Amino acid sequence: MLIERIIKRTMELKSYRIERIEERANGTLCVPLVPRRRSKPVCSGCGRKRPGYDRLRERVWRHVPMWGIGVEFIYRPRRVQCRRCGIKVERMPWSEGKSSLTVPFIVVLATFARLLSWAEVSRLFGVHWNTVRHAVKEAVSYGLAHRDTSGVICIGTDEISRRKGHRYMTNVYDLSERRLLWTGKGNDEDALRRFFEDWGEERTKKLIGICCDMWKPYINVIQECAPHATIVFDKFHVIKHLLEAVDEVRKEEASCLKDQGMDMLKGTKYLWLKNPWNWTKGQKSWFRSLVKSNLKVHRAFLIKEAFRALWKYKTVGWAKRYFKKWFWWATHSRLEPIRKFAWMVRRHLQGVLNIIKLGISNAIVEGLNRKAKVISQKAYGFRTPTNYALALYHGLGKLPLPETTHRFV
């Protein structure tokens with residue numbers, strides 16, 4: 001029978017045979033399996049062939065649909081009497097653990113779940129949403145157990161908002177492979193400490209660089225759990241603080257000018273925050289006209305552009321010399337937001353200059369965080385952090401899927 005040959009071709013059934021193929025009233029194809037006469041069951045613990053003990057009750061597994069027709073496997077698993085592991089249920093090549101889905105069906109659902117929302121996958125295959133979630137969970141469990149993390153030496157960590165109400169997730173990424181290593185609920189010390197506990201002491205000792213923002217709880221945990229690693233403060237967040245300082249100067253000056261009846265700074269926010277090489281022709285003309293007015297925000301803009309030159313140096317020593325000159329200018333600028341920023345950078349100067357030393361930054365982290373938000377938006381959000389974590393691992397973790405004898409997608 002053609003259907004029987006297709007099933008044998010796409011499944012590893014050397015020690016089993018198809019007893020018959022029946023069609024149920026709902027149109028589902030029912031495929032009862034029986035072990036071959038002289039075949040011995042394989043112990044699920046040690047993977048060796050052992051003598052059978054007895055048979056369990058009948059179990060049903062959902063398989064990949066054929067031409068839109070549902071397929072179910074039916075089998076009574078044998079129990080194995082193993083000298084090493086004791087009494088175990090036999091290992092079945094189409095099943096993982098107590099899952100009610102075959103391994104190929106898990107791979108198919110999990111593959112589509114990387115491209116579409118779980119709700120769309122459930123409608124496409126005619127299964128319940130929880131079935132898709134279960135397939136993703138099985139795929140993630142397999143991937144986490146079989147992924148290679150031996151080459152992880154530089155990581156980046158950052159928080160991401162899960163939903164409204166200041167509900168955050170802490171994500172840890174591998175900067176070299178651009179993948180998610182760990183995600184957990186919260187953005188406090190306990191959240192990052194759980195990562196180091198899960199990561200283990202042996203793998204933590206291999207870390208040479210950890211990139212993060214200037215969030216004090218993260219710094220405290222890194223110094224506690226990985227004191228040997230070099231902390232690198234992300235360039236993106238440093239510039240973000242600098243832009244906020246420049247914008248604060250603009251707001252204060254715009255308010256003073258407005259009280260005097262002048263609105264020359266109205267609508268100029270992004271003129272001072274953008275890079276000069278990204279200005280439009282209109283913005284260039286606008287800037288030339290405002291320069292003549294000797295504005296405070298123009299002074300803040302020049303200090304901002306001068307700070308960017310810090311990362312052009314290739315050695316930490318020369319960068320420190322340049323920062324010393326820039327720091328004097330910034331602290332004597334009579335611009336309070338700029339002064340606060342300058343003192344903040346000086347307190348964390350070593351971490352800022354470590355960007356030059358190691359050459360890593362959280363630019364990859366910001367890009368992956370954007371993909372994480374897309375995953376959430378595609379599903380219109382996740383109600384629980386557990387489901388969101390599964391979706392993040394599955395979409396950003398680059399996890400291997402269980403091996404099958406046939407590729408369905």
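Bear in mind that the values in this text are calculations on the coordinates, not laboratory data. As the structure is a prediction and not an experimental result, all values here were calculated from the model. We place every Cβ from the backbone using ideal geometry, glycine too, and count neighbours over all the protein chains shown.
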Check your understanding: With charges only on Cβ, +1 for K and R and -1 for D and E, what is the dipole size of the chain about its Cα centre, in debye, rounded to 20?
Key -> 800
Revision key, fill the gap. As a percent rounded to 5, the proportion of antiparallel DSSP bridges among beta bridges in the range 1-95 is 85
Check your understanding: Expressed as a rounded percentage, what relative contact order does the range 1-95 have, with Cα pairs under 8 Å and six or more residues apart?
Key -> 26
Check your understanding: Between the helical axis of 216-225 and the dominant principal axis of the chain, each derived from Cα atoms, what acute angle in degrees is found, rounded to the nearest 10?
Key -> 60
Check your understanding: Normalised by the number of residues in the chain, what is the relative contact order in percent for Cα pairs under 8 Å and 6+ residues apart?
Key -> 16
Practice item. Can you grab the distance from the C-alpha centre of the range 95-121 to the C-alpha centre of the range 206-266, Å, no decimals? Key: 42
Review point. Angle, helix 129-146 long axis vs. longest principal axis of the chain, Cα atoms, 0 to 90°, nearest 10?
Key: 80
Review point. When we measure straight from the Cα of LYS357, which lysines land under 19 angstrom away, once same-chain ones fewer than 8 places off are left out?
Key: LYS206, LYS235, LYS312, LYS314, LYS320, LYS324
**Study point:** For the chain, share of DSSP beta bridges that run antiparallel, in % to the nearest 5
**Key:** 75
Exercise for review: Just tell me which lysines come within less than 17 Å, Cα to Cα, of LYS269; anything on the same chain fewer than 8 places away is out.
Suggested key: LYS240, LYS251, LYS258, LYS281, LYS284, LYS296, LYS304
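Using packing as a proxy for protection, rank 234-243, 60-69 so that the peptide with the highest average count of other Cβ atoms within 10 Å comes first. Don't skip to the end; give the middle numbers.
Working: 234-243: 17.7, 60-69: 14.7.
Put in order of decreasing packing, that is 234-243, 60-69.
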Review point. With point charges of +1 on the Cβ of Lys and Arg and -1 on the Cβ of Asp and Glu, referenced to the Cα centre of the chain, which listed residue (ILE7, LEU265, ALA379) lies farthest in the positive direction of the dipole?
Key: ILE7
Exercise for review: May I ask for the angle, rounded to the nearest 10°, between helix 349-358 and the longest principal axis of the chain, with both axes built from Cα atoms and the value confined to 0 to 90°?
Suggested key: 60
Practice item. Pull the list of the chain cysteines that no other Cys approaches to under 4.7 Å, Cβ to Cβ. Key: CYS30, CYS46, CYS154, CYS211, CYS212, CYS225, CYS256
Exercise for review: May I ask you to list the trypsin sites (Lys or Arg not before Pro) in the range 1-45 that are in a DSSP loop and have at most 15 other Cβ atoms within 10 Å of their Cβ?
Suggested key: LYS14, ARG20, ARG24, ARG36, ARG37, ARG38
Review point. In terms of Cα to Cα distance under 13 Å, which aspartates and glutamates are near enough to LYS398, apart from those fewer than 8 places away along the same chain?
Key: ASP148, ASP174, GLU177
Point to revise | Rounded to 5, percent antiparallel among DSSP beta bridges of the range 100-243 | key: 65
